[in-house]
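The values are calculated or read from the model by the stated rules, or taken from the named source; none is laboratory data. These numbers were taken from a predicted model, which means no experiment stands behind them. With ideal geometry, Cβ positions are generated from the backbone for all residues, glycine too; neighbour counts draw on all protein chains shown.
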Amino acid sequence: MIKAGVIGYPISHSLSPKLHGYLLQKYKIDGQYKAIEIKPENLEQEFDRLINEGYAGFNVTVPHKEKVFEITQKKGYKISSLAQAIKAVNTIYVDKNNVINATNSDAFGFYENLRIKSNNFKLLNSSPSKSAIVLGAGGAANAIVYNLIANCQFEKIYILNRTKEKALKLANYYENYFVKNKLSGNNIIEAIDEITPKIGAAASMLVNTTSLGMKNQPELNINLTHLNKYAVIYDIVYNPLFTNLLKNAQERGNPIITGIGMLIYQAFEGFEKWFGVKPQLNNEEFEELTKILLSK
Ligand code: ATR
């Protein structure tokens, strides 16, 4: 039996076992995917233990993503360029040569959900320019800003965060990163205090990367007055599926993207590496899985 799982602390809230359980059943694979609680102080030894026990790999969730990046760096494991850019790891897998690989599939999950739901980005092209507004500057924002530039080719990113210093730091990091790595030369990434009429009129997307609006979290309060009606509003929060942000967006007539797809698609990379099957879901299966994930 192929073994995989998710490590975090706490871990009981994780939806990954349900998600992978669904895929294992769909493809009739003899495998298991368990939630494994690991305290921060035991992380490195538990990491080694799972590998020694023959795990094909595992997902990494809060609060271990950055620390696992450091561990894999220290041990000289193979780290994908994406995980190196983000400095956070959410997927570990042992490849056929027995090499331990570390990567980050959050960015792919974000991208794939956006690509599918925006009809291969056609929706985003209806707006005047390729600029995006990112709410938040934490770990999720990090993966998303990277993706918006590297994969979605946004020219301008505006980051709006409660703590402006963090927005400035993230903006600076990626402005330098893309130039240094010759990935792109002329992106503008700016920390902003509000959505001004000029920024709002030009944006083709606004994405909430904070946990605000999630069940048991405070609401996200954001003034959308100046945002044009074509801008796609994407919330990475998936519980509830229709957050207040998305409801407001719908009332104003903006297209919306819910966060459940990001959760579902980020799981695919690990699943393929561990269990050897590249998952594919039709619309019906996607809806069925969404229901399973959001049921108690
Ligand atoms: P994640 O890895 O999920 O992105 P994180 O790194 O802790 O989590 O980042 C959380 C983000 O939500 C941050 O941008 C944070 O803003 P600060 O940088 O000011 O902390 C934002 N956030 C969390 N709670 C918030 C609140 N009550 N009001 C405004 N922003 C909040």
- Residue, farthest from the ligand (Cβ to nearest atom), within the range 111-146, restricted to residues that are within 15 Å of the chain's Cα centre (by Cα) and in a strand (DSSP E or B): V134
- Query: For K28, all conditions in the list (1) of a type outside the set (D, E); (2) modelled with pLDDT of 95 or more; (3) surrounded by 15 or more Cβ atoms within 10 Å (Cβ to Cβ); (4) in a loop (DSSP other than H, G, I, E, B) hold save one; what is the number of the exception?
  - Reply: (3)
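Here is a yes/no grid of residues against (1) modelled with pLDDT of 95 or more; (2) part of a loop (DSSP other than H, G, I, E, B); (3) out of contact with any Lys or Arg (no Cβ under 7 Å at 6 or more places or on another chain):
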{"position": "E41", "(1), (2), (3)": "yes, no, yes"}
{"position": "G54", "(1), (2), (3)": "yes, yes, no"}
{"position": "F69", "(1), (2), (3)": "yes, no, no"}
{"position": "T72", "(1), (2), (3)": "yes, no, yes"}
- Query: Is at least one residue of the range 98-110 within 16 Å of the ligand (Cβ to nearest atom), more than 30 Å from P197 (Cα to Cα) and not in a helix (DSSP H, G or I)?
  - Reply: yes
- Taking the range 1-22 only, how many residues are among the aliphatic types (A, V, I, L, M), free of Cβ contacts under 8 Å to residues at least 60 places away in the same chain and out of contact with any Ser or Thr (no Cβ under 8 Å at 6 or more places or on another chain)? 1
- Failed condition for N151, given (1) within 14 Å of the ligand (Cβ to nearest atom); (2) surrounded by fewer than 21 Cβ atoms within 10 Å (Cβ to Cβ); (3) modelled with pLDDT under 95, with all others met? (1)
- Lone qualifier among Q84, Q32, Q45, Q25 - being touching a residue at least 24 places away in the same chain (Cβ under 8 Å) and either out of contact with any Phe, Trp or Tyr (no Cβ under 6 Å at 6 or more places or on another chain) or not small (G, A, S) (or both): Q32
- E66 fails exactly one of (1) in contact (Cβ under 8 Å) with a residue 40 or more places away in the chain; (2) on the phi < 0 side of the Ramachandran plot; (3) surrounded by 21 or more Cβ atoms within 10 Å (Cβ to Cβ), namely (3)
- Note on the structure: Those strands (runs of 3 or more DSSP E) completely within the range 157-266 that have 1 or more residues that are buried (at least 19 other Cβ atoms within 10 Å of the Cβ) and more than 16 Å from the ligand (Cβ to nearest atom) are 203-208, 232-235
